[in-house]
1. Label-point separation (nm) for residue 45 and residue 27, each offset 7 Å from Cα along Cα-to-Cβ?
2. Taking the full set of protein chains and a 1.4 angstrom probe, give the accessible area of residue 54 in square angstrom, rounded to the nearest 10.
3. Given all pairs of different Cα atoms, what value in angstroms does the Kirkwood hydrodynamic radius of the chain take?
4. Spelling out what I want: for every residue of the range 7-15, take phi, set θ = phi - 60°, compute 6.51 cos²θ - 1.76 cosθ + 1.60 (Karplus), and round to whole Hz; glycine and proline get x.
5. Would you kindly derive the ³J(HN,Hα) couplings of the range 51-56 from the backbone phi angles with the Karplus curve 6.51 cos²θ - 1.76 cosθ + 1.60 (θ = phi - 60°), listing them in order in whole Hz, with x for Gly and Pro?
6. Report the Cα-based extents of the range 126-184 along its three principal axes, largest first, to the nearest Å.
7. Carbon and sulfur together cover what percent of the accessible area of the chain at a 1.4 Å probe radius?
8. For a quick check of understanding: with a 1.4 angstrom probe and all protein chains in place, what accessible area in square angstrom does residue 5 have, to the nearest ten?
Amino acid sequence: SLTEHTDFVSRLLLFVVNVLPMVLCLLSLRKTLRLIEVDGRSLWLLLTSAAFGSMLNPFLTTLNNHTPAAVSLVFCLSAMTRVCLSNGPRGRDYAIIGFTAALTCCFELPAALFGLLTFVFVVKRDWRKTAACYVPAAIVPLAAFFVTNIICTGGIKPFYAYYGTDKYVYVHEGIPSYWTTPQG
């Protein structure tokens, strides 16, 4: 249990939630770089930079929203690359783009513009596949996002919109929220 084996359980959770998806993300990036025929030396430079050359790497040790957002973004870009290079893009790629673009938006609200741009990208390519594959796949994470907001806040507004209200500044079992007296 988390209370009896805190270190082991938290490390296992971070490995499953952050490290494994990041490894899959890098494998997807490698496959995409090979697909666009990046030479060997450049491929390894790009992969090394992606793995160790950003501020994403330190986030692997904490439970956060940034790592899954970056991972879903890379999966989305990989699928978009396949659509660009394919003569007859598969509906599966459109569904992957829709799901991962929406998931990226759910994890990082400023990525909503990215989500809109992916929609424009796929509509220009094939509006039928967009309607049949992209839209239903995008609805899944977006519906989960809004339902969760309704459950937690009573409305569809993102939680950030409640900053400064009693949803942020509260006392639970005698312990005030961080936002009562923020530091650092």
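1. 2.7
2. Solvent-accessible area, nearest 10 Å²: 50 Å².
3. After inverting the pairwise mean of 1/r, the radius is 18.7 Å.
4. In residue order, the calculated couplings are 4, 5, 5, 5, 5, 4, 4, 5, 5 Hz.
5. 7, 10, x, 9, 7, 5
6. 54, 25, 14
7. 69
8. 100
The values are calculated or read from the model by the stated rules, or taken from the named source; none is laboratory data. All values derive from a computational prediction rather than experimental measurement. Please note: Cβ atoms are built from the backbone with ideal geometry, for glycine as well, and neighbour counts cover all protein chains shown. SASA here: full protein model, heavy atoms, side chains in, ligands and nucleic acids out. Shrake-Rupley method; radii C 1.70, N 1.55, O 1.52, S 1.80 Å.
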